[in-house]
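For reference, the structure discussed in these notes is given below.
The values are calculated or read from the model by the stated rules, or taken from the named source; none is laboratory data. All of these numbers come straight from a predicted model, not from anything done at the bench. No Cβ is skipped: glycine too gets one built from the backbone with ideal geometry, and neighbour counts run over all protein chains shown.
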Amino acid sequence: MARRMSPEEYQAIGRSYYKLKQYEKALETFSKGIEACPTADLYDHRAATYDKLGNLNAAVKDGREMIRLNKKDVKGYLRTASILEKLEKPETALGIYKYGMKNVPPSDKNFKLLQQLHDKFTRKLSPASAIDPFTVLPAELAEMVLEYCSFRHMVNCMRVSKGWRDYLSKLPKLWMHLDLSGARRPVPRSFVNTAFKRSEYRLTRVTIHRFEHMDVLKNLAKAAKDLTELELISVPHTMSATLIDVVKSAPKLKKFTIHPEITQDTAVQIMHARPVLEHVVFGALRSRGAATNWTTSFGNLRTLGMHWSSPVSTVNLGLHDLLARTPCLESLALSNVQHIEAPQGWPRDEAQLPPLKSLALKRMDLLVLPLLPPTLQRLVIENDGGEFDLQHILPLHKCCVPELTHLAISGFKGLGTEALGDILDICSHENETATCSTRKPLQSLTLHGLVDSSSNHMFGLGQEARMESIFGDSPRVLTPALESLDIATMPCDDDDIEKLVNLYKTGLKTIDLSHTQITGASIKMLADKLPNLTTITANNCAKINGRDAINYAERKGISVSCQMAEQKGGRRLRYG
């Protein structure tokens, strides 16, 4: 009887044929061995033989048989995946490697090889996550993307690689605005000089912060022939002469803004040094106490902001004279100014007023509301005294503001039912029908303060709602044109909100009810009744005690802010 050969003997004979490149005989031997006693090694060798003969599909089948016979043997996964790679099926090969990593124990000496091949295929098949966009995007698109970056972010981009640094340094358009507002530590003079060179000496805007070398700034103003805007967020110390020289050195300068404190004399000299300025803002002025002597006209000035660190009189400021020398002034912002009611504090005739479109009077102690020009579109009044209600500070000569669309009033003792009507509707013109027949309705209204004791309801009652409302009977207030309403700190409750949404048709998009007595019911009413509403602010409303109403509004696409101040011994709550 013939002796049966063992799998090892079939394997040895087949390998001998394989080494001699007699692949047909090797295939026959391995096949006989598998028929007699199939083992993973025999399938492995036959798969290799099929590979040499070009029968890759048969080789894959043998590889899968290896895995079926022993899932913990790494050789079946390696053989099968390598053949699949030759068949140009990388996704299937990656699946085999993943399956192998689940079944092969990490203690196996070849597990790391399996993991490395898995990671290699993953990187190969995954989209590249580190492609340099500057090598893919057209130059025009790359520049458009970079223009959305802040100056600080653009500087950080230069640290990514040498290629990025070289690319960004050769785009002068990105360096036209030297913006140091984001500086976290002192800026060296070398950086400013380098940035100026990268702009090809064509800087148009400069924002200074944490930069101590004022001599460099002076030289920069001289060399940058196209410099039109200069903003100083911080300066090392008061350098009046240097600031004046900087302004003098920039022939095309149009906008000048300085936030640190300077003297009133320095501010006047700066304006006289460059009378063609169009935009000037002084963030912190220190009064000298004496009257200001204005000797120059400022025919190009469109925007003027003057804010004092301590109260100053309009007489000392020479405001009446200054307004007479600014015939084109459109925006005026003053803070901490007193005695506007003085004879020389403010013009008494419309003809003496510049064509103001925006007037902001903040931190004021008003006794009389100044005469307002008919061109006014935005008015902000923040009273500091609190001695009078709005009814008592109305102008000695009635105003006419048919163009007014944005009004903000705060800081008064009370708001009477006729206060808004006196500002918006009383006309001083002899022929009111001819000149004020088309008064524009308000688009934005802010009222912060107390309701006059004689007014018990914010929005009135019944059919006589307007007459009993602190909003008065003005047809310009609660109209479909009204998009923004801020009545934070006012004595408003759910009943008032119910009247607002039911008795008046408004186009409100945003409403601020912070520090009022509303509950979640008001938020639901606003969400249901105001179809254009996008934002509700209800911070520190103590009667809102849950998220139900907030979630209800948010499901309708309305953003709700409802933060509660931290109480003593408690913690800050945030409902929305």
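Results, tabulated for the structure shown:
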{"quantity": "Criterion (modelled with pLDDT of 90 or more and either in contact with a strand residue (DSSP E or B) (Cβ under 7 Å, 6 or more places away or on another chain) or among the acidic types (Asp, Glu) (or both)) met by exactly one of Ser310, Ser297, Ser331", "calculated": "Ser331"}
{"quantity": "Lone unmet requirement of (1) in contact (Cβ under 8 Å) with a residue 24 or more places away in the chain; (2) among the charged types (D, E, K, R); (3) surrounded by fewer than 15 Cβ atoms within 10 Å (Cβ to Cβ); (4) in a helix (DSSP H, G or I) for Arg185", "calculated": "(4)"}
{"quantity": "Count of residues meeting criterion [in contact with a helix residue (DSSP H, G or I) (Cβ under 8 Å, 6 or more places away or on another chain), surrounded by 12 or more Cβ atoms within 10 Å (Cβ to Cβ) and touching a residue at least 12 places away in the same chain (Cβ under 8 Å)] in region 146-160", "calculated": "2"}
{"quantity": "Verdict on Arg68 being in contact (Cβ under 8 Å) with a residue 24 or more places away in the chain, within 25 Å of Lys109 (Cβ to Cβ) and assigned to a helix (DSSP H, G or I)", "calculated": "no"}
{"quantity": "Selection within region 240-287 - part of a helix (DSSP H, G or I), out of contact with any Lys or Arg (no Cβ under 7 Å at 6 or more places or on another chain) and either farther than 24 Å from His177 by Cα or among the β-branched types (Val, Ile, Thr) (or both)", "calculated": "Ser240, Ala241, Ile244, Thr266, Ala267, Val268, Gln269, Ile270, His272"}
{"quantity": "Top-ranked residue of region 1-58 - restricted to ones that are of a type in the set (D, E, K, R) and not in a helix (DSSP H, G or I), ranked as nearest to Glu85 (Cα to Cα)", "calculated": "Lys21"}
{"quantity": "Among (1) assigned to a loop (DSSP other than H, G, I, E, B); (2) aliphatic (A, V, I, L, M); (3) in contact with a Gly (Cβ under 6 Å, 6 or more places away or on another chain), the one test that Leu203 misses", "calculated": "(3)"}
{"quantity": "Check on Thr204, among the polar types (S, T, N, Q) and within 30 Å of the chain's Cα centre (by Cα)", "calculated": "yes"}
{"quantity": "Meets criteria (modelled with pLDDT under 90, on the phi < 0 side of the Ramachandran plot and out of contact with any helix residue (DSSP H, G or I) (no Cβ under 7 Å at 6 or more places or on another chain)) for Thr238", "calculated": "yes"}
{"quantity": "Subset of region 205-241 (residues that are among the hydroxyl-bearing types (Ser, Thr, Tyr) and surrounded by 16 or more Cβ atoms within 10 Å (Cβ to Cβ))", "calculated": "Thr207, Thr228"}
{"quantity": "Only one of Lys225, Lys218 that is of a type in the set (Lys, Arg) and either closer than 30 Å to Leu369 by Cα or not in a loop (DSSP other than H, G, I, E, B) (or both)", "calculated": "Lys218"}
{"quantity": "Out of Ser309, Ser335, sole residue that is farther than 26 Å from Glu403 by Cβ and assigned to a strand (DSSP E or B)", "calculated": "Ser309"}
{"quantity": "Helices (runs of 4 or more DSSP H) completely within region 409-526 that count 1 or more residues being modelled with pLDDT of 90 or more and not aliphatic (A, V, I, L, M)", "calculated": "494-503"}
{"quantity": "Subset of region 39-91 that is within 60 Å of the chain's Cα centre (by Cα) and either among the polar types (S, T, N, Q) or not assigned by TED's automatic domain parsing to the domain that holds Leu113 (or both) - its residue that is farthest from Asn103 (Cα to Cα)", "calculated": "Asn57"}
{"quantity": "Which numbered condition Lys98 fails, given (1) assigned to a helix (DSSP H, G or I); (2) of a type in the set (Lys, Arg); (3) under 30 Å from Arg4 (Cα atoms); (4) in contact (Cβ under 8 Å) with a residue 12 or more places away in the chain", "calculated": "(3)"}
{"quantity": "Residues that are farther than 19 Å from Ser358 by Cβ and under 34 Å from the mean Cα position of the chain (by Cα), drawn from region 275-307", "calculated": "Val276, Ala284, Leu285, Arg286"}
{"quantity": "Test: residue in region 167-176 that is in contact with an Asp or Glu (Cβ under 6 Å, 6 or more places away or on another chain) and assigned to a helix (DSSP H, G or I)", "calculated": "yes"}
